[in-house]
Number of protein chains: 2
Amino acid sequence: MDRLSDDPFETRLREAASRTETALAAALSGTSFLVAGAPDVLLSAMRHGSLDGGKRLRPFLVEESARLFGADPAAAAPVAIALECIHCYSLIHDDLPAMDDDDLRRGRPTVHKAFDEATAILAGDALLTLAFGLVAEADGAIEPGNRLALIRLLSREAGAAGMVGGQALDLAAETMVLDAAEIARMQAMKTGALIAFAAEAGAILAGAAPEARRALRRYGEILGLAFQLADDLLDETADAATLGKAAGKDAARGKKTLPALNGIAWTRNELDRLVGEAEAVLAPFGASAATLREAARFVAFRDR
Amino acid sequence: MDRLSDDPFETRLREAASRTETALAAALSGTSFLVAGAPDVLLSAMRHGSLDGGKRLRPFLVEESARLFGADPAAAAPVAIALECIHCYSLIHDDLPAMDDDDLRRGRPTVHKAFDEATAILAGDALLTLAFGLVAEADGAIEPGNRLALIRLLSREAGAAGMVGGQALDLAAETMVLDAAEIARMQAMKTGALIAFAAEAGAILAGAAPEARRALRRYGEILGLAFQLADDLLDETADAATLGKAAGKDAARGKKTLPALNGIAWTRNELDRLVGEAEAVLAPFGASAATLREAARFVAFRDR
């Protein structure tokens, strides 16, 4: 599926994705305390919905944000894969017939297609439940107070005030017309909350100072905005074969996006502006934030 | 709905339920950090699926187990309502058309009937997500290491190896015939895991010794077995008006229960035996465990 690039940033992103894959597979192996004794079919559905897929952008951000404050990628791993469990559960539930009703995800059948609807609901529930256990049991790697701070913030960002709330607003958008501010709010919750958490999480787990933590948070928010704009732009301009999922589906459902509302030229200009803002936020960290700077460019200007 | 009794135990259970109701309403009020800014419709669906209902047995067990080790009910409250959030989310998802497809719960329309299917999925997801945040932010009341231990165990007991796994086995039981051992395993996970957690949680949050903690765990497991047997017995013998939900539905779906397999006389005898075992486990705690002893009798011999 992926067209491999030898760009150093993309190589780094791929290596992080490979670490995420390994750690996630171990967490879902059935030998860990959190899932030992789980029914095979349920574990299979959880694996189908979470392994072997995606750019693993969120885990990468957790790792890179942690690295900026001197923490090892190994210390960041439990938080990185917890966040990916939550991202993947949200895709499983979003794809359900009662929600977006998608048959294809990352070029493969969605979980409710490969298994059935009930199993997909449960696999999503189980991945979400697992996520919090993974952070809680990160013994040694992350100081207890920081683990609790991560769990509390993750609960907010992934929950009714964050990702799930954004999904609820997105549903409402199917039957009413949102203006630009309402679309921005919905997307900041639905997509932005977890990406902002990813960037902030590295700072929290490494015990960074409040000011540095706020900077990473702001960087993550900017990245979330850029990610969604780029995604919507791709949805308008790319085809299904390139994306590995149905293209043009937002427009087909009558859902308005900011690129649809404001045009492609505005969108490209806004992406440039956001990358500039991300660079300004990262300026105090100097050369050590080079990878996070490249991440902003990658997210804004990607073609898939 | 409830026929009020002036039995001292039932009064105590009702008072605990009233505390749970108040604390849960506050957690879902929209002013707490964890849900502030959430869409109104989502919060309404979360409230519909969690407020004003049920005996609140699990929160009661958390409180009483904590009290046994000298902890205040106020310290136990965040864990008690977190557990109730998880119990209620599981009911919302179990009631979905793709699962048990129930229209009625506690004498009221289920969440997907009162709202819609997508909103019910999201309300369940949001309650589950909220639960872990509530335990994480129990500042002051519960020592950080104990909060992390609670989150880790709750993740296991509520997840693929516990409640969600039991639900997956229950689904499988619709298309294959389980023997008594398989039914027992399914029910120990589906219903037993959260009840055992409730009893153990009080010991953990109060920092009880490992041996005492194991005793409470065992007590909770026995209670879970009795709870499920009594529930299945009621399903066989009671009517919908008394239960506030459809009766006889397990038999109608061809799902075997232990009372259906072994008969009513065996079931009543087994319930007596379990109550005796619960009393034996609690014996070392003397008079201070009187309420937990009564809880076992209440759970085993209730008529609704």
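When residues of region A:155-181 are filtered for being facing chain B (nearest Cβ under 8 Å) and either within 18 Å of residue A:58 (Cα to Cα) or crowded, with 24+ Cβ neighbours inside 10 Å (or both), how many remain?
10
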Task: Neighbours by Cβ (under 9 Å, 6+ apart or cross-chain): first from region B:24-40, at the interface with another protein chain (Cβ under 9 Å from one of its Cβ atoms); second of a type in the set (Ser, Thr, Tyr) - done: B:28/B:50; B:34/A:155; B:34/B:129; B:35/B:29
Open item on the list: For region B:118-145, give me the residue count where each residue is more than 22 Å from residue B:165 (Cα to Cα), assigned to a helix (DSSP H, G or I) and touching a residue at least 12 places away in the same chain (Cβ under 8 Å).
Closed with: 5
TODO: Count, please, the residues in region B:136-147 that happen to be in contact with a Lys or Arg (Cβ under 8 Å, 6 or more places away or on another chain) and crowded, with 24+ Cβ neighbours inside 10 Å.
DONE: 1
Open item on the list: For region A:90-101, check the following and say yes or no: at least one residue is in contact (Cβ under 8 Å) with a residue 12 or more places away in the chain and closer than 28 Å to residue A:144 by Cα.
Closed with: yes
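Farther than 14 Å from residue B:129 by Cα and either surrounded by 16 or more Cβ atoms within 10 Å (Cβ to Cβ) or within 11 Å of chain A (Cβ to nearest Cβ) (or both): is that true of residue B:63 in this structure?
So residue B:63 passes the test.
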TODO: Please indicate, with yes or no, whether at least one residue in region A:46-53 is closer than 30 Å to residue A:218 by Cβ and touching a Pro at 6+ places or on another chain (Cβ under 9 Å).
DONE: no
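Rule-based calculations on the coordinates, nothing more; no lab input. The structure displayed is predicted, hence computed values, not measured ones. Ideal geometry is used to build each Cβ from the backbone, glycine not excepted, and the neighbour counts take in all protein chains shown.
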